[in-house]
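Here is the structure we will look at, set down as structure tokens.
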Amino acid sequence: MSTDTFLSGLTRRGRGQIPMLVTSVLLVVMFAAGSVSYDGFLSGQVLLNLLIDNAFLLVVAVGMTFVILTGGIDLSVGAMVALSTMISAWLVQLHGWPPLLVIPLVLAIGTGAGLAMGWVIHTFEIQPFIVTLAGMFLARGLCYTISIDSISITDPTYTSMAQTRIPLGELFISPSVLIAVLAVVVAFVALHYTRFGRNVYALGGSEQSSVLMGLPVARTKIGVYGVSGFCSALGGVLMTFYMLSGYGLHAVGLELDAIAAVVIGGTLLTGGSGYLLGTVLGVLVLGLIQTVISFQGTLSSWWTRIVIGALLFVFILLQRLLTSRRRS
Amino acid sequence: MRAQPVLEVRGIRKEFPGVVALDGVDFRLFPGEVHALMGENGAGKSTLIKVLTGVYESNGGEVVLAGQTVRIGGPLEAQEAGISTVYQEVNLCPNLSVAENIFIGREPRRFGMIHWSELRRRAAESVAALDLDIDVTAPLNSYSIAVQQLVAIVRAVDVKAKVLILDEPTSSLDRDEVRQLFTVLRRLRDQGVAILFVSHFLDQIYEICDRLTILRGGRQEGEYLTSELHQGELVARMIGGELTGLAELADAARTEPTGKSFLRAEGLGRRGAVEPYDLAIRPGEVVGLAGLLGSGRTEAARLLFGADQSDQGTVKIDGAVTAMRSPRTAIGHGIAFCSENRKAEGLVGELTVRENIVLALQAARGWTRPLSRAAQDELAIRWIRALDIRPNNPEALIRNLSGGNQQKVLLARWLITDPKLLILDEPTRGIDIGAKTEIQKLVAKLAGDGMSVLFISAELEEVLRLSHRVGVLRDHRLVAELRNDGTLTPERIMSTIASGATS
Amino acid sequence: SGGGSGDKASGGGDKQLTVGFSQVGAESGWRTANTKSVQDAAKKAGINLKFSDAQQKQENQIKAIRSFIQQKVDVIAFSPVVESGWDTVLKEAKDAKIPVVLTDRAVDSKDESLYATFLGSDFVEEGKKAGDWLVKEYQGKTEPVNIVELQGTTGSAPANDRKSGFGDVIKGDAKFKVVASQTGDFTRAKGKEVMQAFLKSQPKIDVLYAHNDDMALGAIQAIEEAGKTPGKDIKIISVDGVKDAFTAMAASKINVVVECNPLLGDQLMELIKKVKKGETVERRIKTVEGVFTMDQAAAALPNRQY
Amino acid sequence: MKRMTGHRLFWPAVVLIALLLANLAFTPDFFAIRVRDGHLYGSLIDILHFGSPLILVALGMTLVIATGGIDLSVGSTVAIAAALACLHISESDDPGSLGTVLTAVAIALGVALLLGAANGVLVARIGVQPIIATLILMVAGRGVAQLITDGQIITVTSEPFKLIGGGYWLTVPFSILLAAAVVLLASMLTRRTALGLLLESVGGNPVASRLVGIRAAGLIGLVYVVSALCAALAGLMISSNVSAADGNNAGLWIELDAILAVVVGGTSLNGGRFSLGGTVLGALVIQTLSTTVYTIGIPPETTLVFKAVVVITVCLVQSPVFRAKAARRRSGARHGNRPVASKKLEVGA
Ligand SMILES: Nc1ncnc2c1ncn2[C@@H]1O[C@H](COP(=O)(O)OP(=O)(O)OP(=O)(O)O)[C@@H](O)[C@H]1O
Ligand SMILES: Nc1ncnc2c1ncn2[C@@H]1O[C@H](COP(=O)(O)OP(=O)(O)OP(=O)(O)O)[C@@H](O)[C@H]1O
Ligand SMILES: [Mg+2]
Ligand SMILES: [Mg+2]
């Protein structure tokens, strides 16, 4: 009996980690396959580019993780990113505001918008999907009201943020990568080592129970949308660095990528279960698929989509089969 | 009288659309007492508790805490005001670990960060204080409902509040756990904590409570000292009439049916859950399962129903080996299983009472052969009447029913499928004494008509009253099968469990 | 299949040129024709083409260009999704000494050294041509002309430019009035839907200006269903010049098509070779594009390739 | 029960009527329906006509959502069905014959059935989260549609095919009749049989549903198939309406509109209780909203702001909590709901 109990105790505790393990292994396998197939694939810079090119997605997905962990969803992130690039470009370029003022302002606007949506969701008990969809419309609409055109940024602070390369031996990363990694670390600590983070999990486990256990449900629920709003704004700032422009059509469909990254990372859309590091893996998976496609380089537009779908399919299938076999 | 009450409510009124749940209820709670709140299913006990702790906003009346009229806006405020509560259904987060469930909201911290090792250590201590031996790092939902109930209690007790409210904390617990709990409660009481206790077990009330308040139909019937009100009178005041005896039941159980067994498990087991066991149930026979918390009763039963997959042994139905691949297969063979975890595994909260009642029958018929609306109504009304489900409106949403009444609906769900083998896992959980008697009579009658019943209950007396034979489990192993021949007593079962041997 | 055959064969005698081409996406038939032209031309010219589809996202395009740099291609060519925001990645290309050729759309970078040349149409010019035709058509008339406009995808460069080019021309004459202007997302279905609503909410429509042929073709159906004759009751101006539009024009349903030529593959390959060899090329090379009217339609129709 | 359903549809209906009235204010003959060339003609007809594909897609989506899932792949299915049908017709020797069109429809529906089944298997058998399972097809499916059309727009001229989405039958646009028939069929199927109850049970509590013996996997598979079939029908309508298949754009983002329609119709995304009538109303609200944008002449750059405002108003109006709060504010101090005293709680020692 004791071995049984011991074993069941072990699997009980380990169960949560297995999907992450499987995902990481699959990721490595995919990278290895890429390295074998394509010249120049096996290089540190390809890996780092993964981070450079997806820094903003990573930050946005981090925010999304909070929301999804509570069982909610935030469709406004892509539009908030676009709005952030737009406001930045508009203020910096057309009005000559100093970046050091604009960036905090953009972050504040994003956080405020997130909190406002969270407030509506909580107070009026409206489904997050629809509230954040309205938020998405609003943010995109505001972009267009600022300007229909794309606004280029030539401000030296922004250009230097965009063009600085931080050397890592032979290789380099961009400052945005550092910011994104910092965001991941902060979010990880927040989720796993603060009461707010634990309340996020509790809320996702059961909202009713959270209320009855006397947890600050309102604060947590509104808070996660605030976090997501902040992360989208930060993602927007990073995207401004990346693109050096503000544009209403930036980041179209980014919300779907972010949600996909979170869910591929093993977080349940129903809330309460998942890990932030899984989200990081999810972002890497999406990025790696794109890298493979661009290294392949012979795919037509539609084959590109089909292959993305197929790779995703294989990945998900393996992930699913490997984790469920382990569990039974 | 004594000191002023810590908590007092005056003229509390609570209306739900179409129902007046509380109608001018007065209630006082003194420090250093254990106070029972008594009443039938749907009398308004849980509602009163929810109003007290701010879950519901009342429609009138006032709450006085330590002499001051207060407005409690929610459980969080109640907690801050020193009221700690275990609500009726287990209201914890299934996805979090046991340790976290105990400490969430007040985790020990170091440098502003949650101090995980400290949290685990303290959780393990608190759990051990109730004589529970479980892994506190495992997620809550890997434990049975009884363990979850204990965790909820641990959480509430650990808060060190002035007022401790326990709404049917013992509905799934065995005597041992109840005894442990009572030890803790007495200690707290002696420290001056005021305890509000709800239970449908009269002997528990008499064992631990100093005073009791009776609710009937949402009104306060009266407040009594436990010592001054004897059991019969208490029951009479609760139900507003006399309760007819149970004596004849026990006799009926003696005559053991003979004949070929309907179901026979041979070496049936599942690794990590139940060790291989043999069990046979004849038509018309009631087999009880006894055992301590976590001994594997539920898991043994789930294998018979195909709710979990067995990995050893076989099930024979009417002599033919049958693979129990899923509950559907089992249902197809006339087996029904009423789960102990009504919230997670039973109710479909958004559906009405009628829909919940017909669900199993409809599922068995398949979607192409719908029960006509008239037939559904007829069934629902018949069983609402038979089990005295309140409110007697088949169109009420089941999630709005009181705990006991929900349980009755689930029972009805399986009874209407007219199964050959009915597996009842804690069927009387949270059901008041009046209805419990009715249900026991019903089970006895069904068995008398030839239905096989597997009866699991934490209340040994109940098991003994109904069963022809009792299987005893210990540490996930069926250790004995005892014939209920009149000499079997709860004590003998307990000693069998303790010795772990066939006697 | 539509894709390249993926052969990594080393081509002819001298070292084969590898070109990275990042396309906007496959959002329309026009775009597909453009892609096809580039792919065919590359094959013909013996150039190893690395093709990447950005699915209308600038970030994807930037990633693609980065990956081209990583793969050390000889020349990078791309049709920018938008004009702004290319400095960083183009600088990276420059640092890696990879010349860049723009097609189809320009970039608004201040630093001219970031790209070698730009080959493509001028959307503003197209809008102007459309306006010019209109002004000529109504020369000498005085009664007001009510125009409805079907815009492309909100915010996209062709929509913005075709709108502003057109607007600039007709601004000069007070009789021209744009009474309604909505986006039709460059699609037939939307074009039809929006036109149908216009027909009900606008009492009098004289001219329809559609930012691309697909919307015009959708709108024609709506006009016919409303019992009016397209091309006569409502004059139709469209941009692009796909085959279906010419067919419609031959049937007198469209009055004029401003061509926007997607078939610049051969021209592009020529340029790329020149650029690689280090020859000087013009900074701005316009593609040959015409304006076709009803009477030319039938004659031009057999030559339309897409 | 009757009162409750009435209640459920009441607020979406109010919103729809309000939107229609807003249009009337701008276009006085907005409600006018004339007969022109033997066809019904008018703005209301347009709304129904253009709303039909959305109604269909949203209908399938409702069933999927009732089981607690979501189907992102409908847009791609729309495109694939449209592309297949048009390709078949355009390549046949006799595009105008009924036989050709029927085969084309059969091919489109058949392939959709397979696609839906694939989604169903991924979700119900393999246990992939619905959003990801269907995302795969959403991404790849659009590519497949483009592959079929070779990235071009396939134009077809076929009278029988034109009927599906652009034709008239007994003066009424055929697509409206088709959508109405499917709605009717779906409500019969869900409410006259036990399908609705079982779906709601699966969506409401999957664990309990398994234990009462509901064949959840089968049901879930079924709803994805139905959703794909609805999407395919919608795809046929859309392509038939413009006599062309556009693999790139047909049904683009229709999944978002469909989900929105379902939610506006009062069905929760968490699964469980669903309302087909609500969904139809929701789809009509969304279509009316687009029409309103055109008729009022809201410039494209502010369209989204306008939509956002309408969507959030719709939600607020539908939210019982909001209505209660608004009512309470209106009735001012009169409410006696709160306990008499309201001294703020002090933190107990
Ligand atoms: N949310 C609700 N909506 C409508 N009616 C409700 C709601 N909650 C409780 N009720 C009704 O209020 C009455 C009292 O219920 P309550 O749960 O307080 O009973 P109880 O005394 O705790 O019963 P039990 O012993 O079965 O737990 C019941 O008739 C119940 O149906
Ligand atoms: N020390 C323990 N106490 C309680 N449960 C335990 C313990 N150790 C393990 N468990 C787990 O708790 C679950 C309870 O098993 P099961 O529900 O079959 O028991 P039971 O006899 O029905 O008891 P209960 O009265 O809790 O329902 C099992 O998964 C078991 O592995
Ligand atoms: Mg109760
Ligand atoms: Mg049990």
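The values are calculated or read from the model by the stated rules, or taken from the named source; none is laboratory data. Model, not experiment: these values are computed from the prediction. All Cβ positions, even for glycine, are placed from backbone atoms using ideal geometry, and neighbour counts span all protein chains on display. To get the accessible areas, we keep the full protein, side chains included, count just its heavy atoms, and leave off ligands, DNA and RNA. Shrake-Rupley method; radii C 1.70, N 1.55, O 1.52, S 1.80 Å.
Counting only helices (runs of 4 or more DSSP H) that sit completely within the stretch D:257-339, those holding 3 or more residues that are of a type in the set (Gly, Ala, Ser) and in contact (Cβ under 8 Å) with a residue 60 or more places away in the chain correspond to D:276-296.
Somewhere in the stretch B:379-392, is a residue basic (Lys, Arg), within 13 Å of ligand 1 (Cβ to nearest atom) and either closer than 26 Å to residue B:307 by Cα or not assigned by the TED database to the domain that holds residue B:441 (or both)?
Within the stretch B:379-392 (the criterion being basic (Lys, Arg), within 13 Å of ligand 1 (Cβ to nearest atom) and either closer than 26 Å to residue B:307 by Cα or not assigned by the TED database to the domain that holds residue B:441 (or both)), the answer is no, since none of the residues qualifies.
Figure legend. Inter-residue proximity from the stretch B:416-427: first residues outside the structural domain of residue B:458 (by the TED database) and within 12 Å of residue B:283 (Cβ to Cβ), second residues within 16 Å of ligand 2 (Cβ to nearest atom) and of a type in the set (D, E, K, R), beta-carbon distance below 8 Å, spacing 6+ or different chains. No pairs are indicated. Among the residues making up the stretch B:105-143, a single one is farther than 25 Å from residue A:216 by Cα, touching a helix residue (DSSP H, G or I) at 6+ places or on another chain (Cβ under 6 Å) and small (Gly, Ala, Ser): B:142. Does the stretch D:202-223 contain at least one residue that is open to solvent by less than 10 Å² (accessible area, probe 1.4 Å) and under 18 Å from the mean Cα position of the chain (by Cα)? Yes, the stretch D:202-223 contains a residue that is open to solvent by less than 10 Å² (accessible area, probe 1.4 Å) and under 18 Å from the mean Cα position of the chain (by Cα). Each residue in the stretch B:284-322 was checked for being open to solvent by 40 Å² or more (accessible area, probe 1.4 Å), away from ligand 4 (no atom under 16 Å from the Cβ) and farther than 14 Å from residue B:272 by Cβ, and 7 of them qualify. Would you confirm whether any residue within the stretch C:216-226 is of a type in the set (A, V, I, L, M), under 19 Å from residue C:133 (Cα atoms) and either touching a Ser or Thr at 6+ places or on another chain (Cβ under 9 Å) or surrounded by fewer than 24 Cβ atoms within 10 Å (Cβ to Cβ) (or both)? Yes - at least one qualifying residue is present in the stretch C:216-226.
Please indicate, with yes or no, whether at least one residue in the stretch C:278-293 is in a helix (DSSP H, G or I), open to solvent by 80 Å² or more (accessible area, probe 1.4 Å) and at pLDDT below 90. Let's see the steps before the verdict.
To start, the set of residues in the stretch C:278-293 that are in a helix (DSSP H, G or I) comprises none.
Checking the stretch C:278-293: not a single residue is in a helix (DSSP H, G or I), open to solvent by 80 Å² or more (accessible area, probe 1.4 Å) and at pLDDT below 90.
Quick check on my filter: what residues within the stretch A:273-284 are within 12 Å of another protein chain (Cβ to nearest Cβ) and surrounded by fewer than 24 Cβ atoms within 10 Å (Cβ to Cβ)?
Kept after step one, since they are within 12 Å of another protein chain (Cβ to nearest Cβ), are these residues of the stretch A:273-284: A:273-274, A:282.
Answer for the stretch A:273-284, where residues must be within 12 Å of another protein chain (Cβ to nearest Cβ) and surrounded by fewer than 24 Cβ atoms within 10 Å (Cβ to Cβ): just A:273.
In the stretch B:399-412, the residues that are closer than 11 Å to residue B:358 by Cα reach residues that are within 8 Å of ligand 1 (Cβ to nearest atom) and open to solvent by 10 Å² or more (accessible area, probe 1.4 Å) with C-beta atoms within less than 8 angstrom, at least six apart or across chains, in these pairs: B:409/B:401. Any residue at all in the stretch A:122-135 that is open to solvent by 20 Å² or more (accessible area, probe 1.4 Å), closer than 15 Å to residue A:229 by Cβ and touching a helix residue (DSSP H, G or I) at 6+ places or on another chain (Cβ under 6 Å)? Within the stretch A:122-135, one or more residues are open to solvent by 20 Å² or more (accessible area, probe 1.4 Å), closer than 15 Å to residue A:229 by Cβ and touching a helix residue (DSSP H, G or I) at 6+ places or on another chain (Cβ under 6 Å). Exactly one residue out of B:79, B:88 is away from chain D (no Cβ under 14 Å) and open to solvent by 10 Å² or more (accessible area, probe 1.4 Å): that is B:88. Kindly indicate which of A:91, A:101, A:105 is surrounded by 19 or more Cβ atoms within 10 Å (Cβ to Cβ) and modelled with pLDDT of 95 or more. Exactly one residue qualifies, and that residue is A:91.
Kindly state which helices (runs of 4 or more DSSP H) lie completely within the stretch B:398-466 and contain at least 2 residues that are within 16 Å of ligand 4 (Cβ to nearest atom) and under 18 Å from residue B:348 (Cα atoms). Explain how you work it out, then say what you get.
Details: elements: B:403-415, B:433-448, B:460-466.
In the stretch B:398-466, B:403-415 are the helices (runs of 4 or more DSSP H) which contain 2 or more residues that are within 16 Å of ligand 4 (Cβ to nearest atom) and under 18 Å from residue B:348 (Cα atoms).
Looking at B:145, B:104, just one residue is modelled with pLDDT under 95 and crowded, with 24+ Cβ neighbours inside 10 Å, and that residue is B:104. Inside the stretch B:29-67, residues that are within 12 Å of chain D (Cβ to nearest Cβ), within 16 Å of ligand 1 (Cβ to nearest atom) and assigned to a strand (DSSP E or B) make up a count of 2.
For the structure I just gave you, tell me whether residue A:304 is surrounded by fewer than 22 Cβ atoms within 10 Å (Cβ to Cβ) and at the interface with another protein chain (Cβ under 7 Å from one of its Cβ atoms).
Working: surrounded by fewer than 22 Cβ atoms within 10 Å (Cβ to Cβ): no; at the interface with another protein chain (Cβ under 7 Å from one of its Cβ atoms): yes.
Taking the combined requirement at face value, the residue does not satisfy it.
Selection over the stretch D:262-316 of residues that are hydrophobic (A, V, I, L, M, F, W, C) and more than 12 Å from the chain's Cα centre (by Cα) gives a count of 17. Counting only strands (runs of 3 or more DSSP E) that sit wholly inside the stretch B:284-392, those with at least 1 residues that are closer than 22 Å to residue B:467 by Cβ and basic (Lys, Arg) are B:312-317. When residue B:395 is tested against (1) crowded, with 18+ Cβ neighbours inside 10 Å; (2) within 10 Å of chain D (Cβ to nearest Cβ); (3) more than 20 Å from residue B:446 (Cα to Cα); (4) within 14 Å of ligand 1 (Cβ to nearest atom), just one condition goes unmet, and that condition is (1).
Residues that are farther than 30 Å from residue A:293 by Cβ, at the interface with another protein chain (Cβ under 9 Å from one of its Cβ atoms) and open to solvent by 40 Å² or more (accessible area, probe 1.4 Å) within the stretch D:124-180 comprise just one, D:155.
In the stretch D:244-254, is there at least one residue being among the aromatic types (Phe, Trp, Tyr), outside any helix (DSSP H, G or I) and within 14 Å of chain B (Cβ to nearest Cβ)?
Initially, the stretch D:244-254 is screened for residues among the aromatic types (Phe, Trp, Tyr), giving D:253.
Still in the list and also outside any helix (DSSP H, G or I): D:253.
Applying the additional criterion that residues be within 14 Å of chain B (Cβ to nearest Cβ) yields none.
No.
Collect the residues in the stretch C:196-242 that are more than 9 Å from chain D (Cβ to nearest Cβ) and assigned to a helix (DSSP H, G or I), keeping them in residue-number order. Within the stretch C:196-242, C:199, C:213, C:215, C:216, C:219, C:220, C:222, C:223, C:224 qualify.
Can residue C:177 be described as in a strand (DSSP E or B), modelled with pLDDT of 90 or more and surrounded by fewer than 24 Cβ atoms within 10 Å (Cβ to Cβ)? If you could, list the steps in order and put the result at the bottom.
Numbers: in a strand (DSSP E or B): yes; modelled with pLDDT of 90 or more: yes; surrounded by fewer than 24 Cβ atoms within 10 Å (Cβ to Cβ): yes.
Yes; evaluated as a whole, the condition is true for this residue.
Could you list, in sequence order, the residues of the stretch B:479-496 that are of a type outside the set (Ser, Thr, Tyr), under 21 Å from residue B:257 (Cβ atoms) and either open to solvent by 20 Å² or more (accessible area, probe 1.4 Å) or within 16 Å of ligand 1 (Cβ to nearest atom) (or both)? Working first, answer last.
Residues of the stretch B:479-496 of a type outside the set (Ser, Thr, Tyr): B:479-486, B:488, B:490-494.
Now narrow it down to the ones that are under 21 Å from residue B:257 (Cβ atoms): B:480-486, B:488.
Hits for the stretch B:479-496 are B:481, B:483, B:485, B:486.
For the stretch A:30-40, does any single residue satisfy the condition of being over 30 Å from residue A:206 (Cβ atoms), surrounded by fewer than 16 Cβ atoms within 10 Å (Cβ to Cβ) and not small (Gly, Ala, Ser)? Checked against the condition, which is being over 30 Å from residue A:206 (Cβ atoms), surrounded by fewer than 16 Cβ atoms within 10 Å (Cβ to Cβ) and not small (Gly, Ala, Ser), the stretch A:30-40 yields at least one hit.
Within the stretch B:260-270, can one find any residue that is within 16 Å of ligand 4 (Cβ to nearest atom), away from chain D (no Cβ under 14 Å), surrounded by 18 or more Cβ atoms within 10 Å (Cβ to Cβ) and modelled with pLDDT under 95? Reasoning before the result, please.
We begin by selecting, within the stretch B:260-270, every residue within 16 Å of ligand 4 (Cβ to nearest atom); these are B:270.
If we keep only those that are away from chain D (no Cβ under 14 Å) too, we end up with B:270.
Okay, now just the ones that are also surrounded by 18 or more Cβ atoms within 10 Å (Cβ to Cβ), so B:270.
Checking which are modelled with pLDDT under 95 leaves us with B:270.
Yes, there is a match, as at least one residue in the stretch B:260-270 is within 16 Å of ligand 4 (Cβ to nearest atom), away from chain D (no Cβ under 14 Å), surrounded by 18 or more Cβ atoms within 10 Å (Cβ to Cβ) and modelled with pLDDT under 95.
When the stretch B:151-189 is filtered for residues that are within 16 Å of ligand 2 (Cβ to nearest atom), in contact (Cβ under 8 Å) with a residue 40 or more places away in the chain and open to solvent by less than 20 Å² (accessible area, probe 1.4 Å), the ones remaining, listed by number, are B:151, B:152, B:153, B:154, B:168, B:169, B:171, B:172, B:173, B:174, B:181.
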